[in-house]
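Beneath this line is the structure, given in structure tokens, with notes to follow.
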Amino acid sequence: MSGGDNLEFEIRPNPAPVADAERAALLANPGFGRIFTDHMVTIRYADGKGWYEPRVEARAPIPMDPASAVLHYAQEIFEGLKAYTLPDGGVAMFRPDANAARFAQSAQRMAMPQLPVETFLQSLREIISIDRAWLPPGDEGSLYLRPFAYASEVFLGVRPSMEYLYLVIASPVGPYFSGGVKPVSVWVTPDYTRAAPGGTGAAKCGGNYAAGLSAQAEAIEHGCDQVVYLDAVERKYIDELGGMNVFFVLDDGTLVTPPLTGTILPGITRDSVIKLAERAGRRVEERPVSLDEWRTGAASGAIREAFACGTAAVITPIGSVKSAGGGFTIADGGTGEVTADLRKQLVDIQRGRAEDPFGWVHRVL
Ligand SMILES: *Cc1c(COP(=O)(O)O)cnc(C)c1O
């Protein structure tokens, strides 16, 4: 099986799935990332052998040797995307091909083997099909899919692992904002940076998150919901949040977002917002925005709105900013018009309620 193209998955249904009544109770209030479906996908990799043993099986703990490379050297990458119930009762994923491409780029940065795009997509279709009953009822929830891979070779030593395990788990999630979209407050950390040029900022790897937990804790200590990072070189320009990209709306309606220079995670929501805005004739600038520009722009009205975006929350308005140099509010601290409009457009496409001009919605069932 060279390269792992067109792998045939072995399906081993869970012999003891969660009972219907219990599943219905769990799905009534799933929250985020708390409950999981009955199955998982696993595919193994070994140097010289390629990807092998693709399986759909009961979700279960993974036996792990204490010398597994990932536990010591953190060779691990992941993805996150959602499957939605369509108005006709079918199920679709949003831009899974983009997640597949990014997973391959993350693998390359972390010196890991690349899973073929078609195998990645097939693995998602497999888990959605077998765990379809776990899609939350109604038109607000979704099934969050978490593909990931890690170094599973048993050894101590600094070199790329020669064995890997790829998995997909799935988690039903409710609306991110129960009770409507609420603007968040953000803390601009003076102490920590997320990514430096040449580092791993553009790779979706667990290590980036581990390094950001202290900064997020600092944000909470300052009474804020989320952390914002400045660039690591000049400590002047806005990079992104801990797990979301950022946009600014100028008074003439122009959207501005920091450019992808390798220190920012290339978000698929970010890309979708840019494409939707441009299609509607809105100007979009990818350029650095300093904290000073944000502060003075918010005061003068030159920056009218700001929002964060990512798969989990889609689009989140930013209401207020705190930093070592003081705090400020964006407009009245509420949800801006452009932010709300972009959010609605994107969510409607994702859920199959609006035309899909870019072919983003991939029907599975
Ligand atoms: C995943 C992620 C994002 C958002 O990417 P989406 O593809 O839009 O979900 C933004 N920043 C970081 C650091 C991320 O890990």
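Taking all protein chains together and rolling a 1.4 Å probe, residue 64 ends up with roughly 90 Å² accessible.
Please give the helix 206-221 orientation as an angle from the longest Cα principal axis of the chain, in degrees from 0 to 90, rounded to the nearest 10. It is inclined by approximately 40 degrees.
Peptides 219-230, 325-336 ranked from most to least packed by the mean count of surrounding Cβ atoms within 10 Å: 219-230, 325-336.
The count of lysine pairs in the chain whose Cα atoms are under 18 Å apart, excluding pairs fewer than 8 places apart on the same chain, comes to 6.
In segment 195-254, Cα pairs under 8 Å separated by at least six residues give a relative contact order of 24 percent. By how many degrees, 0 to 90 and rounded to 10, does the Cα axis of helix 268-279 deviate from the longest principal axis of the chain? The answer is roughly 50 degrees. Taking one quarter of the surface of the convex hull spanned by the alpha-carbon atoms of the chain gives a direction-averaged projected area of 18.8 nm². Across segment 13-68, the relative contact order, built from alpha-carbon pairs under 8 Å that are at least six residues apart, equals 35 percent. In the chain, Cα pairs under 8 Å separated by at least six residues give a relative contact order of 18 percent.
Modelled spin labels at residue 111 and residue 78, positioned 7 Å past Cα toward Cβ, are 2.3 nm from each other. For residue 19, neighbours were defined as the other residues whose beta-carbon sits under 15 Å from its Cβ, and their charges (Lys and Arg +1, Asp and Glu -1) total -3. Annotation: amide H of residue 318 within the under-5 Å range of 184, 306, 307, 308, sequence separation 5 or more or interchain, hydrogens built in the peptide plane. Could you compute the FRET efficiency for residue 196 and residue 251, with r as their C-beta to C-beta distance and R0 at 41 Å, rounded to 0.05? Efficiency, rounded to the nearest 0.05: 0.80. With R₀ set to 41 Å, the beta-carbon distance separating residue 62 from residue 218 gives a calculated FRET efficiency near 0.80. Based on DSSP H segments of at least four residues, each scored -39500 (n - 2.57), the chain has a per-residue ellipticity at 222 nm of -8000 deg cm²/dmol. Considering only 253, 280, 291, whose Cα is most displaced toward the positive end of the charge dipole of segment 184-350, charges sitting on Cβ of Lys, Arg (+1) and Asp, Glu (-1)? My answer, from the dipole projection, is 280. With a Förster radius of 35 Å applied to the beta-carbon distance between residue 284 and residue 209, the computed FRET efficiency rounds to 0.80. Which one of 296, 200, 189 has the biggest mean-square fluctuation once the chain is modelled by GNM with Cα springs under 10 Å? The residue with the greatest mean-square fluctuation here is 296. Simple point charges give the picture: +1 on the Cβ of Lys and Arg, -1 on the Cβ of Asp and Glu, and for the chain a dipole about the Cα centre of about 40 debye. Quick note on segment 184-350: its Rg to Rh ratio, both from C-alpha atoms and Rh being the Kirkwood radius, is 0.93.
Against the chain, whose longest principal axis comes from its Cα atoms, helix 291-300 is set at around 50 degrees.
The values are calculated or read from the model by the stated rules, or taken from the named source; none is laboratory data. Please read all numbers here as calculations on a predicted model, not as lab measurements. Neighbour counts run over all protein chains shown; Cβ positions are idealised from the backbone, glycine included. These accessible areas exclude ligands, DNA and RNA; they are computed on the full protein's heavy atoms, side chains included. Shrake-Rupley method; radii C 1.70, N 1.55, O 1.52, S 1.80 Å.
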